[in-house]
1. Run down 20, 34, 77 and say which single residue is in a helix (DSSP H, G or I) and modelled with pLDDT of 90 or more.
2. Do we find that residue 68 is modelled with pLDDT of 90 or more and assigned to a loop (DSSP other than H, G, I, E, B) in this structure?
3. Quick test for you: out of 57, 6, pick the one residue that is at pLDDT below 90 and assigned to a helix (DSSP H, G or I).
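The values are calculated or read from the model by the stated rules, or taken from the named source; none is laboratory data. Bear in mind that the values here come from a model prediction, so they are computed numbers and not experimental data.
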């Protein structure tokens, strides 16, 4: 996280709610980022544009492989019953 260079005003009610949501060691900024991420549903693809094409493809391939392995395990288990 970078150095704060802006301030925002919030009502007392909003501050109380932020205090309630705040986890140990979290800044108010941390709370807001966490809550906003939860609101968006934590899209899996968020942040992928920050990776190189090579890194992104490596992760995609890993996901494809893991998916196929899960399917294979399910087929094996289905045959065990």
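1. 20
2. So residue 68 fails the test.
3. Only one candidate passes the filter, namely 57.
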